[in-house]
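Worksheet: one structure, shown below.
The values are calculated or read from the model by the stated rules, or taken from the named source; none is laboratory data. Since we're looking at a predicted model, the values are computed, not measured. Glycine also receives a Cβ, built like all others from the backbone with ideal geometry; neighbour counts cover every protein chain displayed.
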Ligand SMILES: [Zn+2]
């Protein structure tokens with residue numbers, strides 16, 4: 001296939017992929033079926049990893065020989081919303097203007113998936129010495145919710161073990177070896193309503209939640225002060241912050257309930273479980289104090305989704321040289337957004353990010 005044919009085929013596939021308006025959180029069966037049909041027609045057996053309800057599915061397949069040491073090419077099928085954003089073109093129709101292609105997901109990251117699919121006939125013809133695997137996930141944009149399942153499914157499904165995973169997030173084709181980890185937590189504070197004049201005999205859930213929000217800020221400052229710094233990232237430290245704070249009934253009523261949603265982004269050397277455990281300990285301390293006045297007072301924290309692990313692939317890892325030999329680079333970078341790379345690394349595959357498109361074109365609401 002000539003470069004021109006390859007580009008045309010990539011564009012055709014990308015326009016088809018962009019036309020599926022599958023947002024994170026929504027059923028992705030339409031786009032998954034499209035990709036499945038393409039693989040079928042190419043004679044590549046593929047495997048689905050369904051969610052419990054059967055409304056979403058991830059896909060993986062192998063191209064090439066059954067030998068150890070292959071390479072996984074991974075992308076997510078979902079995109080971020082377009083609502084409230086100033087689009088000059090239909091976001092779900094690929095539009096060409098000059099040399100640029102516009103459409104939701106062209107950069108993040110249907111462009112990469114289109115490249116993989118367009119190259120499939122060449123991969124089949126190439127008499128590969130090691131296999132290539134495709135791994136396409138769902139719900140990446142709402143907390144990388146299928147990445148860990150997909151990585152585990154690949155590890156368990158194939159008798160042979162792939163060595164590398166390249167996650168094709170937009171890095172301008174740079175080799176990215178480090179990412180922060182990320183988690184979102186929901187904390188609910190339950191107290192008892194009462195007249196505001198009686199506040200010293202009760203406990204306002206809003207006031208107590210405010211203490212928790214401040215704890216998060218103080219914890220972040222404490223980590224910085226203790227030298228938990230990683231200059232590969234901007235900012236160069238872990239961050240904790242409450243993004244949603246809701247509670248209360250009226251100004252003259254002691255709040256019976258308050259709800260916090262907070263996010264934690266950690267540099268690879270910080271331990272999210274230790275941070276969460278410190279937070280929980282503080283919650284238990286507050287409960288012990290407040291229950292003297294309000295016996296039913298309690299604080300509960302649940303994760304919105306499993307924590308997305310950080311990525312910290314060593315510079316000497318084989319995948320770094322391998323990826324740099326493909327993209328012609330001799331350096332590595334770090335990314336400030338979260339992706340599934342850490343999940344693939346946790347499943348036992350050396351992982352990096354490397355893909356077409358630039359973070360400059362990413363939506364502001366990228367996770
Ligand atoms: Zn992405």
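Looking at residue 148, is it more than 15 Å from residue 357 (Cα to Cα), within 20 Å of the chain's Cα centre (by Cα) and within 16 Å of the ligand (Cβ to nearest atom)?
Yes: the conditions hold for residue 148.
Which residue out of 334, 339 is surrounded by 15 or more Cβ atoms within 10 Å (Cβ to Cβ), assigned to a loop (DSSP other than H, G, I, E, B) and touching a strand residue (DSSP E or B) at 6+ places or on another chain (Cβ under 7 Å)?
Just one listed residue meets the conditions, 339.
Which members of the stretch 71-93 meet the condition of being more than 16 Å from the ligand (Cβ to nearest atom), assigned to a loop (DSSP other than H, G, I, E, B) and in contact with a strand residue (DSSP E or B) (Cβ under 6 Å, 6 or more places away or on another chain)?
Correct list: 89 only.
What's the number of the condition residue 20 fails, among (1) out of contact with any strand residue (DSSP E or B) (no Cβ under 7 Å at 6 or more places or on another chain); (2) surrounded by 16 or more Cβ atoms within 10 Å (Cβ to Cβ); (3) closer than 13 Å to residue 117 by Cα?
Exception for residue 20: condition (3).
Restricting the search to the stretch 258-297, which residues are touching a helix residue (DSSP H, G or I) at 6+ places or on another chain (Cβ under 8 Å) and under 17 Å from residue 218 (Cα atoms)?
Correct list: 260, 262, 264, 266, 270, 275, 278, 279, 282, 283, 286.
Yes or no, residue by residue, for (1) farther than 15 Å from residue 114 by Cβ; (2) in contact (Cβ under 8 Å) with a residue 24 or more places away in the chain; (3) surrounded by 21 or more Cβ atoms within 10 Å (Cβ to Cβ):
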residue	(1), (2), (3)
14	no, yes, yes
28	yes, yes, yes
40	yes, no, no
71	yes, yes, yes
79	no, yes, yes
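Conditions: (1) free of Cβ contacts under 8 Å to residues at least 40 places away in the same chain; (2) within 30 Å of residue 316 (Cα to Cα). Residue 149 meets all but one. Number of the miss?
All conditions pass for residue 149, except number (1).
Only residues in the stretch 315-338 that are outside the structural domain of residue 169 (by TED's automatic domain parsing) count as the first member; pair them with residues that are part of a loop (DSSP other than H, G, I, E, B), Cβ under 7 angstrom, at least 6 apart or cross-chain, and list the lot.
Cβ pairs passing all conditions: none.
Can you tell me which residue in the stretch 176-198 is farthest from residue 132 (Cα to Cα), limited to those that are buried (at least 17 other Cβ atoms within 10 Å of the Cβ) and out of contact with any strand residue (DSSP E or B) (no Cβ under 6 Å at 6 or more places or on another chain)?
That would be 192.
In the stretch 217-234, how many are closer than 19 Å to residue 310 by Cβ and surrounded by fewer than 14 Cβ atoms within 10 Å (Cβ to Cβ)?
4
Would you check if residue 285 is in contact (Cβ under 8 Å) with a residue 60 or more places away in the chain, more than 21 Å from the chain's Cα centre (by Cα), more than 16 Å from the ligand (Cβ to nearest atom) and within 26 Å of residue 192 (Cα to Cα)?
It is false that residue 285 is in contact (Cβ under 8 Å) with a residue 60 or more places away in the chain, more than 21 Å from the chain's Cα centre (by Cα), more than 16 Å from the ligand (Cβ to nearest atom) and within 26 Å of residue 192 (Cα to Cα).
Here's the yes/no breakdown for (1) surrounded by fewer than 23 Cβ atoms within 10 Å (Cβ to Cβ); (2) away from the ligand (no atom under 16 Å from the Cβ); (3) in the same structural domain as residue 85 (by TED's automatic domain parsing); (4) more than 30 Å from residue 287 (Cβ to Cβ):
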position: 105; (1), (2), (3), (4): no, no, yes, yes
position: 124; (1), (2), (3), (4): yes, yes, yes, yes
position: 158; (1), (2), (3), (4): yes, yes, yes, yes
position: 170; (1), (2), (3), (4): no, no, yes, yes
position: 174; (1), (2), (3), (4): yes, no, yes, yes
position: 211; (1), (2), (3), (4): yes, yes, no, no
position: 215; (1), (2), (3), (4): yes, yes, no, no
